Amino acid sequence: MNKGKWGSILAVSMCAIMLASCSSNTKETIDSTNSGGSAAEGPKYTFRLADTHPEGYPTVVGDRKFAELVNEKSGGRIKVEVFPSSQLGEEKAVIEQVQLGAIELTRVSTGALGGFNKEYEVFSLPYIFNSDEHLWKFLESDKGKELLGSLESSRMKGLAYYSSGARNFYSTKPLTSIKDMKGLKVRVIQNKVNIDLMEALGANATPMAYGEVFGALQTGVIDAAENNYPSYDTSNHYQQAKNLILDEHQRVPEVLLVSKITWDKLSDADKKIMSEAAQESVATQRAEWDRFEKQSEEKIKAAGVTITEVTDFTPWKEAVKPVIEKYRADYSDILDAIEKAE
């Protein structure tokens, strides 16, 4: 073969290698066409954001607002693709993937985070917040912000808190007072505090993934579960467990977070974009939460669910005092800050 042919083959091969190299790097590319210092300069990213809840749920609305703001602030250079309905996995599995950097972003319950960062178990303690106003005063305090920052020790970066209302028990069996809790098999998020809480109420804790609860209620594997109004609605759990008691035993906020591995790759300017977008998305998420919660309440009432309002929380608070005392030494500074925020 003559030198001309060898040269042609070599040139074609080099082009193929270069094209393959370019096409394999879709996560991060350098925009070298701009040099004016605008937000549209620099690396281009496409990040995935995982959420357990379905499309239209208040946290997913918050996720999408965050994605919209990131895209806007970066001039389209940073894109966030939202995956609702546990498309990328249940919360525990997703958190593990975020720690590894395999998934860049997620929105999770602080209840689920307790298994990855001990300080977050404090949110599972019962009756430490008297209202949503009390909860948000704490979350927006210096201690609340410090707690958000503590996730870095767990290979994650907390970006913002989201609303999730009060959690209540619902059951396939009559549930009209604390006495009815005795002996119930109750699904809980996997953490020590929730298991101790069920024991204090005379119930039996059954740790289980959120996506398994409907079938477990249907087959009798569990008798009851607990969650807020919107989750009770959108999960269709009210179709199987038609007894709801508004005991408001926990107020467990949500957290929007990013992998520490992903965060450390970002420039200071891009970190600012992500942080600002997250904080600005909170107002949208909270407003949507309030609207959606009222809508869910109306839907559940129309479905014929037996709803019991608790007028005296004293028996509930007395029953769970041992749980709070058991963990008080572990979270004394956080509990003090919560009390001061009231």
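The values are calculated or read from the model by the stated rules, or taken from the named source; none is laboratory data. Computed from a predicted model, the values in this text were never measured in an experiment. Note that we place each Cβ from the backbone using ideal geometry, even for glycine, and neighbour counts take in every protein chain shown. Ligands, DNA and RNA are stripped out before the accessible areas are found, and what is left, the full protein with its side chains, is counted by its heavy atoms. Shrake-Rupley method; radii C 1.70, N 1.55, O 1.52, S 1.80 Å.
Laid out as a table, the results:
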read-out: Single residue of region 203-212 satisfying the filter (touching a Lys or Arg at 6+ places or on another chain (Cβ under 9 Å) and within 19 Å of LEU113 (Cβ to Cβ)) that is surrounded by the fewest Cβ atoms within 10 Å (Cβ to Cβ); value: PRO207
read-out: All helices (runs of 4 or more DSSP H) inside region 53-124 with 2 or more residues being within 27 Å of ALA40 (Cβ to Cβ); value: 58-73
read-out: Those residues of region 190-201 which are open to solvent by less than 30 Å² (accessible area, probe 1.4 Å) and free of Cβ contacts under 8 Å to residues at least 24 places away in the same chain, in sequence order; value: MET198
read-out: Subset of region 89-108 [open to solvent by 50 Å² or more (accessible area, probe 1.4 Å) and either of a type in the set (Asp, Glu) or in contact with a helix residue (DSSP H, G or I) (Cβ under 7 Å, 6 or more places away or on another chain) (or both)]; value: GLU90, LYS92, GLU96
read-out: Filtered residues of region 99-108 (kept if farther than 21 Å from VAL252 by Cα and hydrophobic (A, V, I, L, M, F, W, C)); value: LEU100, ALA102, ILE103
read-out: Test: residue in region 218-232 that is among the hydroxyl-bearing types (Ser, Thr, Tyr), buried (at least 22 other Cβ atoms within 10 Å of the Cβ), modelled with pLDDT of 95 or more and more than 25 Å from GLN97 (Cα to Cα); value: yes
read-out: Of residues in region 54-80 being acidic (Asp, Glu) and under 19 Å from the mean Cα position of the chain (by Cα), the one nearest to ASP270 (Cα to Cα); value: GLU68
read-out: So PRO84, is it within 13 Å of the chain's Cα centre (by Cα) and surrounded by fewer than 18 Cβ atoms within 10 Å (Cβ to Cβ); value: no
read-out: SER153 being within 23 Å of LYS118 (Cα to Cα) and open to solvent by 20 Å² or more (accessible area, probe 1.4 Å); value: yes
read-out: Region 124-183, residues that are touching a strand residue (DSSP E or B) at 6+ places or on another chain (Cβ under 6 Å), among the small types (Gly, Ala, Ser) and over 29 Å from GLU199 (Cα atoms); value: GLY158, ALA160
read-out: Wholly enclosed helices (runs of 4 or more DSSP H) of region 240-342 bearing at least 2 residues more than 30 Å from LEU184 (Cα to Cα), in contact with a helix residue (DSSP H, G or I) (Cβ under 9 Å, 6 or more places away or on another chain) and open to solvent by 20 Å² or more (accessible area, probe 1.4 Å); value: 260-265, 268-302, 332-341
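For every residue, the table says whether it meets (1) at positive phi; (2) touching a Phe, Trp or Tyr at 6+ places or on another chain (Cβ under 8 Å).
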site	(1), (2)
GLY75	yes, no
LYS79	no, yes
GLN87	no, no
GLU91	no, yes
SER109	no, no
GLU140	no, no
